[in-house]
Amino acid sequence: METIDAVHRNHFGEIISFVTSEGRIISYRKALREVENGLIHGVLTTPDTDGKMALIPAADQSFDHFPNLF
């Protein structure tokens, strides 16, 4: 089962891509689709304050403890 191992943030601190346990670097949107389709585990989808779907780790409230890709 593929999981998220690291994140890449832009200069505003927003997550823009992820590194998976398979070594793939995928965009936030692609990760969102793959989590919704059950391809990536350990991450949940939830509506954000604007009503858009967002990702959160299943075992934590944020990705702050994940290593940064760059």
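The values are calculated or read from the model by the stated rules, or taken from the named source; none is laboratory data. Remember, it's a predicted structure, so these values are computed and weren't measured experimentally. Ideal geometry is used to build each Cβ from the backbone, glycine not excepted, and the neighbour counts take in all protein chains shown.
Please give the number of the condition residue 70 fails out of (1) at pLDDT 95 or above; (2) part of a loop (DSSP other than H, G, I, E, B); (3) in contact with a strand residue (DSSP E or B) (Cβ under 7 Å, 6 or more places away or on another chain). Going through (1) at pLDDT 95 or above; (2) part of a loop (DSSP other than H, G, I, E, B); (3) in contact with a strand residue (DSSP E or B) (Cβ under 7 Å, 6 or more places away or on another chain) one by one, residue 70 breaks only (1).
Condition check ((1) touching a residue at least 60 places away in the same chain (Cβ under 8 Å); (2) part of a strand (DSSP E or B)) across all residues:
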{"residue": "7", "(1), (2)": "yes, yes"}
{"residue": "23", "(1), (2)": "no, no"}
{"residue": "26", "(1), (2)": "no, yes"}
{"residue": "33", "(1), (2)": "no, no"}
{"residue": "46", "(1), (2)": "no, yes"}
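Here the range 43-67 is the region considered, the condition is being out of contact with any strand residue (DSSP E or B) (no Cβ under 6 Å at 6 or more places or on another chain) and of a type in the set (S, T, N, Q), and the residue that is nearest to residue 31 (Cα to Cα) is 62. Quick one: is residue 22 modelled with pLDDT of 95 or more, more than 12 Å from the chain's Cα centre (by Cα) and surrounded by fewer than 16 Cβ atoms within 10 Å (Cβ to Cβ)? Against the criterion (modelled with pLDDT of 95 or more, more than 12 Å from the chain's Cα centre (by Cα) and surrounded by fewer than 16 Cβ atoms within 10 Å (Cβ to Cβ)), residue 22 qualifies.
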